[in-house]
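Notes follow the structure.
The values are calculated or read from the model by the stated rules, or taken from the named source; none is laboratory data. This structure is a prediction, so every number in the text was calculated from the model and none was measured. Please note: Cβ atoms are built from the backbone with ideal geometry, for glycine as well, and neighbour counts cover all protein chains shown. For accessibility, only protein heavy atoms count, side chains too; no ligands or nucleic acids. Shrake-Rupley method; radii C 1.70, N 1.55, O 1.52, S 1.80 Å.
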Amino acid sequence: MNFYAIKAIYLFELARTWRTLMQSIASPVLSTSLYFIVFGSAIGSRMVAIDGISYGAFIVPGLIMLTVLTESTSNASFGIYMPKFSGTIYEILSAPVSAVEIILGYVGAAASKAILLGLIILLTAQFFVDFSIIHPLWMLTFLVLTAISFSLFGFIIGVLANSFEQLQIVPLMVITPLTFLGGSFYSISMLPPLWQQITLFNPVVYLISGFRWSFYGVADVNVGFSLAMILLFMTSCIGVICWIFHTGYKVKI
Amino acid sequence: MQSVIQVNNLSKTYPSGFQALQHVELDIRRGEIFALLGPNGAGKTTLISIICGIVNPGEGTVLVDGLDIVQQYRQARQRIGLVPQELSVSIFETVWDTVSFSRGLFGKPADPAYLQQLLRDLSLWDKKDSKIMTLSGGMKRRVLIAKALAHQPQILFLDEPTAGVDVELRRDMWQMIRRLRDSGVTIILTTHYIEEAEDMADRIGVIRAGQLVLVDDKTSLMQKLGKKQLLLQLVTPLAQIPPALASYQLQLSADNSQLIYTYDAQQEQATIATLLRQLNSLGIEFSDLNTRESSLEDIFIGLVGDAA
């Protein structure tokens, strides 16, 4: 294992975050704060409690997930797309590194950053609403697993993308709608029966439900099922990445 | 074991169907400077890219220091540094960061003293904290060289290193390359500037349409293929070449004041004497005579032109 290489890629990627501090950290924190003000404080005060949880507190896990999903996907995809775009990928390809090390570096950095952001937003939320976390370890587990899974997913997008437009389109057109419709702002049980069934095809429902369970002990779907879904998604992403590196598809000719 | 790189029967066909390399056989000797010459699209970059691991080999094998580049890619690639043709370097980073990154990527622990010396040798030390986007093209080229050398490779590939580099920097770079060779590094380069290959290389390979048409010591190559020219400055310009001299295939210069005789450097010394005697008997007088050897460029154009 080439640990120096993993470290080099990891630090390079984190340095990129540091260079773009405003865009990387300040802007997600600002937009989440706006959500808390609008949905949590302004509208939330007029909403009835869901499962005994005030609306402002109810949306905290969903908002954190919204950021973690978007940020891990876009960071990981951007991280591997940039070298492809600028041509610096030659160095990675000619280096004595295996696919595993490349992934640990890029995905590790993107996931770390998403986790850090999730925690920052958690802290920010404390300023707007009162909430407690019943299962902090499970909360961290869900956070870490989700960040890793979607960083893997982002890595795949970055490898396959041929343009900046393609790079943006998945987070924008897929991740954001799935998160909004995945129960960030409502409980599945609030939907009409037909939509309750349809919504179960949305993988994000399981992530948010499981994550919210770790906060308040209530969930839309069984927690074990949530965990299984994250692990399934993560394994599928790893499978696709193995295939990409095995065949060299879009990476090497 | 003499050769540091062994290329055996290497072929590469791109998915588009373009056959970039055909059955290339090449041995690079340890410690030499090897120049790979060829027109654009001949397969120079493909060959380098395969050895460095950027392009998958088709058929055939490549051994670096006896290590297979596919099976034992880790050990093989640690020995190699590559300076690419394009100025591909992440522009938001500082010089120091990007060089440290390269060293780590190739599996070496940090060594600030070595990197400092490297940057000093490349006149980059005072730029170490500058972002790469603020550097000139020539400076960026040096940064790429520093990156390629950051992990102390035994073999250095330079793909068109002096393209777009001014004369002074080019001279600096060649000096640095000579120093590297003196320290035991094997250097493989491709270049447009044939006089550089002529000046620098120990051996030269010519690649054309994916085939290595020739590999030879530079000196013996120039002897073997070198043409010499005899230039005779005439006292009175000739309107045309006398028919009696037709067998020599002489040429007249544009102003008719010079006779040019092209001959093979290997033999035919005798023909010069007969030519001179014959000129004498025809009453053609000359005030000066001069011989000139063909350069590598002439040889190269001769080789590549033959195919066209």
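Under 5 Å between amide hydrogens, built in the peptide plane, is the criterion, and for B:ASP27 it picks out B:VAL7 among residues at least 5 positions away or on other chains. With a 1.4 Å probe rolled over the protein heavy atoms of all chains, the accessible area of B:GLU160, B:GLU25 falls in the order B:GLU25, B:GLU160, largest first.
Working note: Karplus 6.51/-1.76/1.60 with θ = phi - 60° gives the stretch B:56-62 the couplings 6, x, x, 8, x, 10, 10 Hz, where Gly and Pro are set to x. Could you calculate, for the stretch A:74-198, the ratio of the Cα radius of gyration to the Kirkwood radius, expressed as Rg to Rh? My calculation puts Rg/Rh at 1.06. Each residue of the stretch A:159-171 was assigned a 3J(HN,Hα) from its phi angle through the Karplus expression (A = 6.51, B = -1.76, C = 1.60, θ = phi - 60°), giving 5, 7, 5, 9, 8, 5, 5, 4, 5, 7, 5, 5, x Hz with x at Gly and Pro. Close amide H partners of B:LEU21, meaning residues 5 or more places away or on another chain with modelled amide H under 5 Å apart, are B:LYS12. Taking every residue in A:83-89 and counting other chain Cβ atoms within 10 Å of its Cβ, the average works out to 4.
In order along the stretch A:178-194, phi translates into HN-Hα couplings of 4, 6, 4, 8, x, x, 5, 10, 8, 8, 4, 5, 7, 7, x, x, 4 Hz, rounded to whole numbers, per the Karplus curve 6.51 cos²θ - 1.76 cosθ + 1.60 with θ = phi - 60° and x for Gly and Pro. Measuring nothing but how far apart in sequence close Cα pairs (under 8 Å, 6+ apart) lie, relative to its length, chain B scores a relative contact order of 19 percent.
Short to long, the 5 Å bins of the Cα pair-distance histogram for chain A hold 1, 6, 13, 18, 19, 15, 12, 8, 5, 3, 1, 0 percent of all pairs.
Convex hull volume of the Cα atoms of the protein assembly as shown, normalised per residue: 197 Å³. Taking amide H atoms as placed 1.01 Å from N in the peptide plane, the amide H of B:LYS227 lies under 5 Å from those of B:SER294, each 5 or more residues away in sequence or on another chain. Pairs exceeding a 29 Å alpha-carbon distance, out of B:LYS140/B:LYS218; A:LYS7/B:LYS128; B:LYS128/B:LYS218; A:LYS84/B:LYS44: B:LYS140/B:LYS218; B:LYS128/B:LYS218. Counting pairwise Cα distances across chain B, what percent come out greater than 26 angstrom? Roughly 55 percent, once rounded to a whole number. Among the residues of B:93-101, the average count of other protein chain beta-carbon atoms within 10 Å of the residue beta-carbon is 3.
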